[in-house]
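Reviewing the structure listed below.
The values are calculated or read from the model by the stated rules, or taken from the named source; none is laboratory data. Just so you know, these numbers come straight off a predicted model, no measurement behind them. No Cβ is skipped: glycine too gets one built from the backbone with ideal geometry, and neighbour counts run over all protein chains shown. Keep in mind that these areas ignore ligands, DNA and RNA; they rest on the heavy atoms of the full protein, side chains included. Shrake-Rupley method; radii C 1.70, N 1.55, O 1.52, S 1.80 Å.
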Amino acid sequence: MNYCPQCASPMGEVLINSEIRKGCPDSACGFVLWNNPTPVVAMIVEVEGGVVLAHNVNWPKSFYSIITGFLEAGEDPLECAKRETMEELNLHTLDSSLVGVYAFPQQNQVIIAYHIKAAGEVKLNHELDDYKIVPVNELKGWDMGTGLAINDWLAAQRAS
């Protein structure tokens, strides 16, 4: 953002509560760009045979991940998880549990992750172009974003 959305002045650095923020240098305007993280819901969707990993049409060809979606205004995160599971995979949620909440500063997001047991026939929406079902004993997470949720879920599976 180069210009203030309230008064059209060029944006600059402003001091707010001892923190330097991006904002409008015109003190009469007072606009501050808080840049709060976006809430994202992630689903470890488990079906018969394993966990669904999908490929987004905009990702590098070799990268597959769990299902994610943006939380709508006023939407309950669990309802978002169920909605996104249906919208992206055409699967019905049978059972669900919270895995955890994760900071994802690389994308300025907060990820709310659920484990979803689901059933039905996978039919991908327009955002996805491929999927695979990975047996739980072959599933591996990674060290950021949704990979952290996978790692925590796998650790909980081994502990129980």
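What to note about this one:
- Of all residues making up region 43-68, the number that are touching a strand residue (DSSP E or B) at 6+ places or on another chain (Cβ under 9 Å) and closer than 16 Å to ASP129 by Cα: 15
- Matching entry among ALA8, ALA42, ALA81 (being open to solvent by 20 Å² or more (accessible area, probe 1.4 Å), aliphatic (A, V, I, L, M) and at pLDDT 95 or above): ALA8
- Near pairs, Cβ below 6 angstrom, 6+ apart or cross-chain, from region 102-131 (outside any strand (DSSP E or B)) to any residue that is among the acidic types (Asp, Glu): ASN125/GLU87; ASN125/GLU88
- Some residue of region 137-145 being farther than 16 Å from GLU46 by Cα, in contact (Cβ under 8 Å) with a residue 40 or more places away in the chain and open to solvent by 70 Å² or more (accessible area, probe 1.4 Å): yes
- Counting only residues that are closer than 16 Å to HIS126 by Cβ and under 14 Å from the mean Cα position of the chain (by Cα), region 86-106 holds 1 of them.
- Within region 13-24, residues that are open to solvent by less than 100 Å² (accessible area, probe 1.4 Å) and at pLDDT 90 or above have Cβ atoms under 7 Å from residues that are of a type in the set (Asp, Glu) and assigned to a strand (DSSP E or B) in these pairs: LYS22/GLU13, counting only partners at least 6 apart in sequence or on another chain.
- Filter result for ASP152 (open to solvent by 60 Å² or more (accessible area, probe 1.4 Å), assigned to a loop (DSSP other than H, G, I, E, B) and either more than 15 Å from SER65 (Cβ to Cβ) or not polar (S, T, N, Q) (or both)): no
- Filter pass, VAL47 being open to solvent by less than 30 Å² (accessible area, probe 1.4 Å) and among the β-branched types (Val, Ile, Thr): yes
- Residues (under 19 Å from GLU87 (Cβ atoms) and touching a helix residue (DSSP H, G or I) at 6+ places or on another chain (Cβ under 9 Å)) located in region 125-144: ASN125, GLU127, LEU128, TYR131
- Options ASP76, ASP26: the member that is touching a Cys at 6+ places or on another chain (Cβ under 8 Å) and either farther than 25 Å from LEU124 by Cα or not hydroxyl-bearing (Ser, Thr, Tyr) (or both): ASP26
- Residue in region 130-160 that is modelled with the lowest pLDDT, counting only those that are out of contact with any strand residue (DSSP E or B) (no Cβ under 6 Å at 6 or more places or on another chain) and among the basic types (Lys, Arg): ARG158
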